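The values are calculated or read from the model by the stated rules, or taken from the named source; none is laboratory data. Predicted model only: the values in this text are computed from it and were never measured. In this analysis, Cβ positions are derived from the backbone assuming ideal geometry, glycine residues included, and neighbour counts consider all displayed protein chains.
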Amino acid sequence: MTYSTADRVYDQVKELILTCEIPGGEMISEGEIAARFAVSRTPVREAFLRLSAEGWMRMYPKRGALIAPIGDSEARDVLDARVLLEGHAMTSVAGDSGAVAALAARLSDNVARHRLVEADDAAEFARLDAEFHQLIVAAGRNGLLADFYVSLGERHRRMTADRLRHDATITDRIVTDHAALAAAVGDGDPERFAAMLAEHLEGVHGTDGGLR
């Protein structure tokens, strides 16, 4: 399958959205993006249509595209789904001591790399944050749930990047919470893990309605 200019522009603009370099609520134009990536407007228009179909932006003829803000309802839905999927994965793996030890080691490695991220590199911090949670779901050995979680992972990255944009100090809590979650995994305790996960997500991304 050929990787077209439209595909490249799609990937680049989507990355700008996921890292909040273009934050929710901002208007962008085809001309602006075409100039930024030194391409014609045609591939930009194709990329915008694809991003609009996926819900990342809203198109306004002759005005441009509005980057869709992260709504409270979307945030709650993403967090609820993450608690269910990660909790299910931990329950699935808890009875396999070898799998538990391997997962705990991978999570601890992620936390170690997290601690090395430069304070101003929000994009890398958000990527490692998403990776930490994806490792948990992947360990559950349910391919369908793991694939579904990948799509959630993009929204997760964006939510984390947005949170960091508003409060850079939240990084300390995230790393501390992740270390504690890795320890709970190592202990093979799915109930404690689920409770800690819910508290972690609410503390970092807390929404008015809380987690269901």
Scanning the range 2-27 residue by residue, those of a type in the set (Phe, Trp, Tyr) and surrounded by 15 or more Cβ atoms within 10 Å (Cβ to Cβ) turn out to be 10
So, first residue at positive phi in the range 17-28, second residue among the charged types (D, E, K, R), Cβ within less than 7 Å, six or more apart or across chains; the pairs are 20/158; 20/162; 20/165
Of (1) out of contact with any Gly (no Cβ under 8 Å at 6 or more places or on another chain); (2) crowded, with 20+ Cβ neighbours inside 10 Å, residue 130 satisfies every one except (1)
Residue 82 vs (1) surrounded by 14 or more Cβ atoms within 10 Å (Cβ to Cβ); (2) modelled with pLDDT under 95; (3) under 28 Å from residue 129 (Cβ atoms); (4) out of contact with any His (no Cβ under 9 Å at 6 or more places or on another chain): all pass except (4)
Within the range 68-75, can one find any residue that is exposed (fewer than 13 other Cβ atoms within 10 Å of the Cβ), hydroxyl-bearing (Ser, Thr, Tyr) and in a strand (DSSP E or B)? no
Taking residue 115 as the residue in question, decide whether it is touching a residue at least 60 places away in the same chain (Cβ under 8 Å), in the same structural domain as residue 180 (by TED's automatic domain parsing) and surrounded by fewer than 20 Cβ atoms within 10 Å (Cβ to Cβ). yes
Of the residues in the range 153-209 that are touching a Lys or Arg at 6+ places or on another chain (Cβ under 8 Å) and outside any helix (DSSP H, G or I), the one that is modelled with the highest pLDDT is 207
Residue count, the range 1-53, condition in a helix (DSSP H, G or I) and not acidic (Asp, Glu), comes to 29
Of 155, 113, the only residue that is over 19 Å from residue 78 (Cα atoms), under 18 Å from the mean Cα position of the chain (by Cα) and of a type outside the set (Ser, Thr, Tyr) is 113
Restricted to the range 48-96 and to residues being touching a Ser or Thr at 6+ places or on another chain (Cβ under 6 Å) and touching a residue at least 24 places away in the same chain (Cβ under 8 Å), the residue nearest to residue 33 (Cα to Cα) is 64
How many residues of the range 146-194 are without any contact (Cβ under 8 Å) to a residue 40 or more places away in the chain and in contact with a His (Cβ under 6 Å, 6 or more places away or on another chain)? The answer is 1
Picked from the range 109-150 (must be outside any helix (DSSP H, G or I) and among the aliphatic types (A, V, I, L, M)), the residue modelled with the lowest pLDDT is 119
Residues of the range 49-67 being surrounded by 14 or more Cβ atoms within 10 Å (Cβ to Cβ) and more than 21 Å from the chain's Cα centre (by Cα), in sequence order, are 49, 59, 64, 65
